[in-house]
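Colleague: For reference, the structure I am asking about is given below.
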């Protein structure tokens, strides 16, 4: 049985979170939406998928540790290249809504925000992660990661002897020990129809060769 979900609107977009995200403040008995690291990671990922669809690939992870928490977002174009800058900047700007504050290097202190973000219907959002990192590159070890590695691969840049007659064989032999089981087959199949799919998604000629 799937856990129940709640929906809420923020910046005129609809997001889903587990129903237990709605909690009651014990001091004033008002309801709020708990936006810890895991929930924040989920909302940011939903934002990217809603706004950019298959145009971008996104990964979101969260971490909770003594004294705080963090969210890490990786994103890229479907061919493994960095997302266009305006898209990356838009996503970065969106994440600012969900940071608990910022670290001030001058004072060596973390400064918490003093505003009170709410949903479009006025429900307060609370308990944000301390840090949100957005990297405009594929998550390590994914198909998109190896696509980007392949595009940048130049055997002459390495001092070790490459095994294989073709550059592709050399790339595979150089990386296969780092690949998860089944990754090579997945990568090969992904590349077969990639160009056609990228064109159908509206990639420009400059992006196709990036």
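The values are calculated or read from the model by the stated rules, or taken from the named source; none is laboratory data. This structure is a prediction, so every number in the text was calculated from the model and none was measured. Quick reminder, even Gly has a Cβ in these numbers, built from the backbone with ideal geometry, and neighbours come from all protein chains shown.
Colleague: Just name the residue that is surrounded by the fewest Cβ atoms within 10 Å (Cβ to Cβ) out of those in the range 158-202 that are modelled with pLDDT of 90 or more and on the phi > 0 side of the Ramachandran plot.
Modeller: 182
Colleague: Take the range 171-183 and flag every residue that is farther than 21 Å from residue 81 by Cβ and in contact with a helix residue (DSSP H, G or I) (Cβ under 7 Å, 6 or more places away or on another chain).
Modeller: Residues of the range 171-183 farther than 21 Å from residue 81 by Cβ: 173, 176-177, 180-182.
Answer for the range 171-183, where residues must be farther than 21 Å from residue 81 by Cβ and in contact with a helix residue (DSSP H, G or I) (Cβ under 7 Å, 6 or more places away or on another chain): just 176.
Colleague: Further question on the same structure: Just to be sure I understand, how many residues within the range 135-150 are touching a residue at least 40 places away in the same chain (Cβ under 8 Å) and loosely packed, with under 13 Cβ neighbours inside 10 Å?
Modeller: Within the range 135-150, residues that are touching a residue at least 40 places away in the same chain (Cβ under 8 Å) and loosely packed, with under 13 Cβ neighbours inside 10 Å number 1.
Colleague: Which of the residues belonging to the range 89-108 are surrounded by 10 or more Cβ atoms within 10 Å (Cβ to Cβ) and either over 28 Å from residue 141 (Cα atoms) or in contact with a strand residue (DSSP E or B) (Cβ under 7 Å, 6 or more places away or on another chain) (or both)?
Modeller: 91, 92, 95, 97, 98, 99, 100, 101, 102, 103, 104
Colleague: Taking strands (runs of 3 or more DSSP E) that fall entirely within the range 3-110, which contain at least 1 residues that are without any contact (Cβ under 8 Å) to a residue 40 or more places away in the chain? I'd like the intermediate steps shown before the answer.
Modeller: Details: elements: 5-10, 13-18, 22-24, 31-34, 56-65, 68-77, 101-104.
Because the criterion is at least 1 residues that are without any contact (Cβ under 8 Å) to a residue 40 or more places away in the chain, the strands (runs of 3 or more DSSP E) in the range 3-110 that meet it are 5-10, 13-18, 22-24, 56-65, 101-104.
Colleague: Being modelled with pLDDT of 95 or more and under 16 Å from residue 135 (Cα atoms) narrows it down to one residue among 9, 46, 92; which is it? Give the steps one after another, and end with the answer.
Modeller: Values: 9 fails: under 16 Å from residue 135 (Cα atoms); 46 fails: under 16 Å from residue 135 (Cα atoms).
Going through 9, 46, 92 in turn, just one is modelled with pLDDT of 95 or more and under 16 Å from residue 135 (Cα atoms): 92.
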